[in-house]
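Below: the structure, in structure tokens.
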Amino acid sequence: MKKTIILLLSTAMLFSACSKKVEKLENEADSLSYALGLDLGNNFLTKYLDNNPSGPKYDAILEGIEKGEEIADSVFIFYDLGLEIATEITNFKEKGISIDLDVEKTKEALFSKINKDSSNVWLSDETAQNVLMTTIQNIQDTTKTNQTYSDAQIDSISYAFGVNYGSAISEGYLNNETKGEKHDAFVDGFEKAISFCDSTLNYYRLGLQAIGNIKNFGEKKEDKLNVEVAKYALELALNGKTDDALMTLEQAKEIINTIFQQREKEYIEETFGENKAAGEMFIQQMKQTEGVQTTTSGLAYKVIKEGNGAKPTSNDKVKVHYTGKFIDGSVFDSSKLRDEAAIFPVNGVIKGFSEGLQLMNVGSSYELYIPYELAYGEAGAGQHIPPFSALIFEVELIEIVK
């Protein structure tokens, strides 16, 4: 049976209580860092701390942030993995399973597996899997109520969990390495989680993952955040001192949305720039082709057959046959291939298609050359139409549906 570990990773960003005061923002990175810190700090305060910036939960967030600053980026995921696995084990009963695992037994088996210490492993992987499957089936069997387990059974179940986790981690994450930074980071994370005796572990992880995400934000150097600026803003909000901030919470949200939208646009431009350029060149070439006409909007079209029926308006519904193609000639949609004409409102399709329909008389066949601005634009359409795609539509207008 394939060994799997389901990691329930929380999403957070940052916080620290000992930040250098920020009196001005030097650039866009500072503004985004400050806005994110302010927004996230307020979220921490209101959602996780019930507007109380003190107590064990608050302290656990601080401790997690300190560890997040300390730990190297290269092993961060392994430390957090250790926390996650230990959390899964110590909170086993919270999953609706009425067995209190012997954490030390589970730890013993897990560490023996990742250290490749076979002399201390008294359950094979296959046997461990069978023990766990049997246990889960018994728990899920509604006919077996008020089940009790002997100490020996609990030891066996606890050990089986350790074997299962240990094998999966060793093979799937540590590449069977028994020493090194990744191995040690996982062990440190696991030991740290075991040391927590209450629900504040989740807040420790919140702080840890928060600063880890801030440090690793952005793939490019120019997209990186200013960690100190973000920490300072988060501290203000976390302590309910947004009145002293350089921006309001509303302004922070606006900055975040604006900059994220701008970066998304830049990413699309960079990723699909060649598609955009190719489409623009194609449309320009078609406009210069004999027999092709152009409208003021930029739509180009060629009359294949002119009908003598009425022209639809934007408020009409039409019945058409069509074939949609990319500029390389590959077909992405076709009513003809489905052997069924399509019926839809004239104003219910992309702008270029809608405009082209209103140029046609019933009985006409046109070929439309639609620039991306009149098609699916910068966003594209799902997985089928890439951003900036110029499109070709062969359209036969069969009738105006009354």
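The values are calculated or read from the model by the stated rules, or taken from the named source; none is laboratory data. All figures in this text were calculated on a predicted structure; none of them were measured in a lab. In this analysis, Cβ positions are derived from the backbone assuming ideal geometry, glycine residues included, and neighbour counts consider all displayed protein chains. Ligands, DNA and RNA are stripped out before the accessible areas are found, and what is left, the full protein with its side chains, is counted by its heavy atoms. Shrake-Rupley method; radii C 1.70, N 1.55, O 1.52, S 1.80 Å.
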* Could you work out how far helix 249-287 tilts from the main Cα principal axis of the chain, as a 0 to 90 degree angle to the nearest 10? => 40 degrees
* What distance in nm separates the simple spin-label points at residue 134 and residue 340, each placed 7 Å from Cα in the Cβ direction? -> 5.4 nm
* CD proxy at 222 nm, helix term only [per DSSP H run n ≥ 4: -39500 (n - 2.57); per residue of the chain; nearest 500] -> -15500 deg cm²/dmol
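Sorted by accessible area (1.4 Å probe), largest first, how do 156, 54 line up? Write down the numbers at each step before the final one.
Values: 156 30, 54 55 Å².
Result, largest first: 54, 156.
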* **Cα-based helix-to-principal-axis angle, 28-43 vs the chain, degrees rounded to 10** => 60 degrees
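What do you reckon, how do 301, 376 stack up by accessible area (1.4 Å probe), largest on top? Before the final figure, lay out the partial values.
Values: 301 30, 376 95 Å².
Sorted by accessible area, descending: 376, 301.
Students often get this wrong, so check it: of 192/241; 287/351; 47/224; 265/351; 67/113, which have C-alpha atoms separated by over 24 Å?
192/241; 47/224; 67/113
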* Asked: Using a ≥ b ≥ c from the Cα gyration tensor of the stretch 151-216 (square roots of the eigenvalues), is it rounded, prolate or oblate, where a/c under 1.5 gives rounded and otherwise the larger of a/b and b/c decides, a/b for prolate?
  -> oblate
* Structure fact -> For residue 317, the aspartates and glutamates lying under 12 Å Cα to Cα, once residues fewer than eight places off in the same chain are dropped, come out as 399
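Keeping all protein chains in place and using 1.4 angstrom, which order do 384, 183, 321 fall into by accessible surface area, from largest down? Each step should come with its number before you reach the end.
Details: 384 145, 183 15, 321 40 Å².
Accessible-area ranking of 384, 183, 321, largest first: 384, 321, 183.
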* Structure fact -> Cross-link reach from residue 116 to lysines, straight Cα distance under 18 Å and at least 8 residues apart if same chain, gives 3, 105, 107, 179, 182
